[in-house]
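For reference, the structure is listed below as structure tokens.
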Amino acid sequence: MGLTTGGATVLFGLDAVTVALGDSLNVTSIAYETITGLQFGGRGAFVERSGGRWIGGGFGAVGAIEGALMASVFNVLTSKRTAKMESIMTLSWGSGQIILLNQEFPPETLAHFLHPVITRLREAQANMANASRSEGFSQVSSGSPDLVSALRQLGEIHASGVLSDEEFHAAKATVLGRGANDNR
């Protein structure tokens, strides 16, 4: 476990994601099959206000009104509005997680730029799910008492979004030893 602050470089290759934290000595390569999540969030574009914060007052009704008006004028003159950007990308894998702040692009733009990566990640997860299903089905069909485990694993894969509802029900029927259209 570790914590790094400062610069980071994330390279999305064909088979893996390479993360370099801080300097080039701290590099991790993560196979797409082990990635469990890629999420985008943050406030996107926002305006930060600083300065101002004057509070006015005075003696009597007239003094209070004059003080409040003067404070309003000072607040307008000393306030500063700055347009900013905040996007957060979270990359999770079997043995770690990295949370990155981007101050140039809104979250939607980052997700759009990385659409090919998201597609590649989904394909890798689907391949893993198919391999797991095949392995789980062979264990169940060979008489292994691991039926509950296979169903649980199938449910987790479905919940992660890798399998559609139809694919899930067909795979579940196969695990239970029924055809997909069999309504026993």
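The values are calculated or read from the model by the stated rules, or taken from the named source; none is laboratory data. Keep in mind that this is a model prediction, so the values were computed, not measured. Here Cβ is always computed from backbone atoms with ideal geometry, including for glycine, and neighbour counts include all displayed protein chains.
Couple of notes before you dig in:
- Phe59 vs. criteria exposed (fewer than 12 other Cβ atoms within 10 Å of the Cβ) and farther than 30 Å from Ala124 by Cβ: yes
- Being at pLDDT 90 or above, in a strand (DSSP E or B) and not polar (S, T, N, Q) is a property that Leu110 lacks.
Table: residues versus (1) touching a strand residue (DSSP E or B) at 6+ places or on another chain (Cβ under 9 Å); (2) closer than 12 Å to Leu100 by Cα; (3) β-branched (Val, Ile, Thr).
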| site | (1), (2), (3) |
| --- | --- |
| Gly6 | yes, yes, no |
| Thr9 | yes, yes, yes |
| Leu14 | no, no, no |
| Val17 | yes, no, yes |
| Leu21 | yes, yes, no |
| Gly37 | yes, no, no |
| Phe40 | yes, yes, no |
| Arg43 | yes, no, no |
| Phe46 | yes, no, no |
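Quick grid of which residues meet (1) surrounded by fewer than 15 Cβ atoms within 10 Å (Cβ to Cβ); (2) at pLDDT below 90; (3) among the hydroxyl-bearing types (Ser, Thr, Tyr):
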site	(1), (2), (3)
Asp23	yes, yes, no
Ser29	yes, no, yes
Tyr32	no, yes, yes
Arg43	yes, no, no
Ser50	yes, yes, yes
Arg53	yes, yes, no
Ala64	yes, yes, no
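- Just one residue in the set Leu121, Leu101 is surrounded by 15 or more Cβ atoms within 10 Å (Cβ to Cβ) and modelled with pLDDT of 85 or more; that residue is Leu121.
- Qualifying position, being modelled with pLDDT under 90 and exposed (fewer than 11 other Cβ atoms within 10 Å of the Cβ), among Ser72, Ser142: Ser142
- Qualifying residue in region 1-15 (condition: under 20 Å from the mean Cα position of the chain (by Cα), without any contact (Cβ under 8 Å) to a residue 24 or more places away in the chain and in a strand (DSSP E or B)): yes
- In region 92-100 there is at least one residue that is more than 19 Å from Ala20 (Cβ to Cβ) and in contact (Cβ under 8 Å) with a residue 60 or more places away in the chain.
- Residue match in region 108-124 (condition: assigned by TED's automatic domain parsing to the domain that holds Ile157 and either more than 35 Å from the chain's Cα centre (by Cα) or of a type in the set (S, T, N, Q) (or both)): yes
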